[in-house]
């Protein structure tokens, strides 16, 4: 017999089948046995099929095989165990428990394994009390029992004790990538970033060495065109997927979205339909295509439901909607999944999201809701701050660490509420109201290291009110903190700081800052990295001078920023600055309030002519992800031509 190039010679069928199993060619074995007629329904055939289906991660098919075996050989308890195990892996928890109960306690050989599987089923069903009860009946001090104890401690938010259990499990049973991942996850929850990354790095290193067939990092080497390796069982037991997803989570929490995307890119290559739910969830959060593509992935996971859908999905889809101002969508999702609201959203997060959604219809009511939440949290912060001071007076270092941790956790909850209240004022252009919010929260946020976003936005609010000296006081520490890598500072911060220096007559400081940016950008350019920080700084400075009616100098800075209109820096975002300044100039000239010298007019016309040539096919406008792009959108080239024509008419120069 011949099956896809596999020759089954008479008398050598069993040997061939077992050699295929040894080589982990489970799909080939399944096809061979399935085509062997009645042999597939024998005890040996069903047993082999069940084994291969299980290792090919086709758990429902494996369960069907073991169910038939239970009927064929009712007195063999191991088949019932394998049947229950397959049902558990398929997510059919109730049936798995029913089958396990049929085995009974009389089978002493399987007792420990049955208890372990029952514990896992109850844990996955979120019946943690039941899992703990079964754990108490199991043999102590084994690696499996210690690991399961750690899982229950982790679920109870006792992360330090969980770390100790997991580490003991590693010592007792030797290195196990899945237990090592549990250690890393517990460190992650304790905000011990370095320790978490150390464990993930070891898992990845061992995985690359022991399983080269998984193609770890192949996506990077082939620029995303690597052939899919599917979902072999070795991928699940190697811990690679879990470790790289955790690394991505660490980077994402630190605000390094690009690094998080890179970590996911290192995963073994798979088609999107083959991705596990956690990987799909994390790819949705870091999707480079924008929020709409990410929201589609999250919505798909939400429709899958438990246990496949990660429990963080519901909160993250709502937060993503609010982040991109899709408040109606967030409201619809909340209304459609009221059961998940109580299950997966904390009271704090629900109240915060509810206030953000309410702000779209009633800013006053939203402010009232946020005010109540802020008042509750500020009271808690004051009592925790008093507790920290009390503990400082003693010599109890552990108590001090615990008190500081509690304070920082409360502050992390308080900060988004402050930002939301300031945002309500900001969107109404009530910058004074936003400033009042920042000043009222200064006692908690002004000096704490985790409140860098508070200081950044406080600087922006002051800048918008022309309080340049105070704004610079907030921007300067941010720039100093990253003096060794100034390119990691937001271009908006650098631009605003330059403007603040200029407006407070500190031109030398502004020039020095621009030199630093230029040198750093040139250095990064030599390393093959492209940054537009200096371009943005020049655009903002140029726009400032234009706003002060110094169009000659302002437009020269803008033209310099865009390399005379002939470089790669000419796109919709940068063109917006050009349009605003040009329209301001044309309006002033039409009203005869502005007279531009002939050489300056000539320079501007040459700049626009260059923009016309190089921007002929570049879209001139920015469209939100939810907006429909016109079939024939305006281009920078067309708009530059219109602006050039208006300038010629107003300047009465007929030679252009």
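The values are calculated or read from the model by the stated rules, or taken from the named source; none is laboratory data. None of these values were measured; they are calculated from a predicted model. Here the Cβ is made from the backbone with ideal geometry for all residues, glycine too, and neighbour counts use every protein chain on show.
Worth a mention:
- Within segment 331-347, the set of residues being surrounded by 15 or more Cβ atoms within 10 Å (Cβ to Cβ) and over 13 Å from residue 302 (Cα atoms) comprises 331, 345.
- Residue match in segment 21-28 (condition: modelled with pLDDT of 75 or more and surrounded by fewer than 12 Cβ atoms within 10 Å (Cβ to Cβ)): yes
- Selected residue (criterion: surrounded by the most Cβ atoms within 10 Å (Cβ to Cβ)) from residues of segment 121-144 that are farther than 24 Å from residue 91 by Cβ and touching a residue at least 12 places away in the same chain (Cβ under 8 Å): 143
- Scan of segment 283-299 for residues that are more than 23 Å from residue 336 (Cα to Cα) and modelled with pLDDT of 90 or more, ordered by number: 283, 286
- Of the criteria (1) under 26 Å from residue 378 (Cβ atoms); (2) at pLDDT below 90, which one residue 485 fails: (1)
Yes or no, residue by residue, for (1) surrounded by fewer than 19 Cβ atoms within 10 Å (Cβ to Cβ); (2) touching a helix residue (DSSP H, G or I) at 6+ places or on another chain (Cβ under 9 Å); (3) outside any helix (DSSP H, G or I):
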{"site": "179", "(1), (2), (3)": "no, yes, no"}
{"site": "188", "(1), (2), (3)": "no, yes, no"}
{"site": "194", "(1), (2), (3)": "yes, yes, no"}
{"site": "227", "(1), (2), (3)": "yes, yes, yes"}
{"site": "235", "(1), (2), (3)": "no, yes, no"}
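- Selection from segment 44-89 of residues that are more than 38 Å from the chain's Cα centre (by Cα), farther than 18 Å from residue 17 by Cβ and part of a helix (DSSP H, G or I): 64, 66, 67, 68, 70, 71, 72, 77, 78, 79, 80, 81
- Of everything in segment 279-290 that is in contact (Cβ under 8 Å) with a residue 24 or more places away in the chain and surrounded by fewer than 19 Cβ atoms within 10 Å (Cβ to Cβ), the residue that is nearest to residue 324 (Cα to Cα) is 290.
- All positions within segment 372-401 that are within 30 Å of the chain's Cα centre (by Cα) and surrounded by 14 or more Cβ atoms within 10 Å (Cβ to Cβ): 373, 374, 376, 377, 378, 380, 381
- Residues (in a helix (DSSP H, G or I), farther than 22 Å from residue 427 by Cβ and under 26 Å from the mean Cα position of the chain (by Cα)) located in segment 453-492: 478, 479, 481, 486, 487, 488, 491
- Taking segment 29-43 as the range and being under 45 Å from the mean Cα position of the chain (by Cα) and either buried (at least 19 other Cβ atoms within 10 Å of the Cβ) or at pLDDT 85 or above (or both) as the test, the residues that pass are 29, 30, 32, 33.
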